[in-house]
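Scroll down for the structure; my scribbles are underneath it.
The values are calculated or read from the model by the stated rules, or taken from the named source; none is laboratory data. Given the structure is predicted, the values throughout are model-derived calculations rather than measurements. FYI the Cβ positions are ideal-geometry reconstructions off the backbone, even for glycines, and counts take in every protein chain you see.
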Amino acid sequence: MFHLLTTYTTESVTNGHPDKVCDQMSDAILDACLAQDPKSRVAVETFGSHGTLMIGGEVTTNANVDYAAVARRVYEDIGYTEPLDILARVVTQSGDIAMGVDTGGAGDQGIMYGYATDETEEMLPKGVVLAHALARKLENLRTSGTLPYLRPDGKTQVTLKDGKVITALTSTQHAEEAELEQIRADLTEHLFPAVLGDISGIEILVNPTGRFVQGGFEADAGLTGRKIMVDTYGGLMPHGGGAFSGKDSTKVDRSAAYMCRFVAKNLVANGYAKKALVSVAYAIGRVEPVMVEAYDDTGKNLSEIVNKNFDFRPQAIIERLGLRNPIFRPTAAYGHFGVAGRSWEEIIKI
């Protein structure tokens, strides 16, 4: 049995947050490999810090990809103009791991979770939906030119009590000349009402430190996989620990987490639960999962329904969700779940 807290806080970050820049770079490299060779095996991490980016990891592919060029293109697409020295140290995947994966086994051991709730159209907790919506809108206000002094780095956060927003927060990078009073006035007008509607009675916080000029890798180090709660359920549900970005779908950290979300969403959509939590566990190199479990928020066990209708073997997940396609860079900002058009968000009849 599980319950959401009556008062809770969730956060999101913009696509210019240094950790998210690294996630997008890693997934752009994955996509570049898959576009040329759909059977590419990719495990790529990026680490950015103060003018330098390191790309590391293991890749087995027939694709010819300039990793540094892909990463730089992402950096510039997001809107950064500061110089960036890029080092790439990528080698072939360990043969010890490949032996198990070659036969259709899991690319790693571990536990993955998926969750869905009927409280929003996206079948995600309301706070998660709103935090991402604020972050997306913040990016839009920058890229559309509505607030031209905004810069790429930023965070959003909402606190809900009994389903109502009581506090909304954003910290956004800005141009040197922008005054805090103007930033607060503009975001109170253009950001919060556009997402939250009537904001009377909501505590609005904008750049609480008072200044946020230096951002991105110039201010903080960034690292692939460091925003897993932003990527999933806002810390309201468990996460197995494995990050998503930069990993091809033989890595069950990613593919099985997507499958768990797919199953949980369809349990809710088909009326088996109002809220559903699905978990699965694997042994590296083994085809069959060592565990598949599912429950609703009353504690009812839904595992029999899940095992009857869904196949959690790694290759079956890849085929069911179409995970050999170059579809991953867009997932690397504003959450992997609740976005229409992604295969693991499809509703089917069970």
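Here are some notes:
- Scanning the stretch 287-307 finds no residues that are touching a Cys at 6+ places or on another chain (Cβ under 7 Å), on the phi < 0 side of the Ramachandran plot and not polar (S, T, N, Q).
- Hey, VAL290 over 24 Å from the mean Cα position of the chain (by Cα), free of Cβ contacts under 8 Å to residues at least 40 places away in the same chain and either buried (at least 20 other Cβ atoms within 10 Å of the Cβ) or farther than 21 Å from ALA35 by Cα (or both) or not: yes
- Residue in the stretch 212-230 that is modelled with pLDDT under 95, in contact with a Pro (Cβ under 7 Å, 6 or more places away or on another chain) and closer than 30 Å to LYS39 by Cβ present: no
- Every listed requirement among (1) more than 18 Å from the chain's Cα centre (by Cα); (2) within 20 Å of ALA340 (Cβ to Cβ) is met by ALA283 save one, (2).
- Among the residues making up the stretch 1-47, those that are closer than 19 Å to ALA63 by Cβ and either in a strand (DSSP E or B) or aromatic (Phe, Trp, Tyr) (or both) are ARG41, VAL42, ALA43, VAL44, GLU45, THR46.
- Index of the failed condition, LYS265 passing every other in (1) buried (at least 24 other Cβ atoms within 10 Å of the Cβ); (2) of a type in the set (D, E, K, R); (3) without any contact (Cβ under 8 Å) to a residue 24 or more places away in the chain: (3)
- Against the conditions (1) closer than 20 Å to GLN214 by Cβ; (2) buried (at least 20 other Cβ atoms within 10 Å of the Cβ), ALA131 satisfies every one except (1).
- The one condition in (1) over 30 Å from HIS50 (Cβ atoms); (2) aliphatic (A, V, I, L, M); (3) modelled with pLDDT under 95 that ILE166 fails to fulfil: (3)
- Candidates are the residues of the stretch 192-230 that are touching a residue at least 12 places away in the same chain (Cβ under 8 Å) and of a type in the set (D, E, K, R); the one that is surrounded by the most Cβ atoms within 10 Å (Cβ to Cβ) is LYS227.
- Boolean, THR81 is hydroxyl-bearing (Ser, Thr, Tyr) and not in a strand (DSSP E or B): yes
- The residue list ARG324, ARG286, ARG313 contains one member that is more than 17 Å from TYR113 (Cα to Cα), of a type in the set (D, E, K, R) and at pLDDT 95 or above, which is ARG324.
- Meets criteria (surrounded by fewer than 19 Cβ atoms within 10 Å (Cβ to Cβ) and touching a residue at least 40 places away in the same chain (Cβ under 8 Å)) for ALA256: no
- Matching residues, the stretch 293-325, being within 21 Å of ARG342 (Cβ to Cβ) and over 24 Å from the mean Cα position of the chain (by Cα): VAL306, ASN309
- Pairs are defined by a Cβ separation below 7 Å, a sequence spacing of at least 6 or placement on different chains, a first member in the stretch 156-173 that is surrounded by fewer than 14 Cβ atoms within 10 Å (Cβ to Cβ), and a second member that is part of a strand (DSSP E or B); the pairs so defined are LYS161/THR7.
- For the stretch 70-93, the set of residues classified as under 10 Å from MET25 (Cβ atoms) and surrounded by fewer than 19 Cβ atoms within 10 Å (Cβ to Cβ) consists of ARG72, ARG73, ILE86, listed by residue number.
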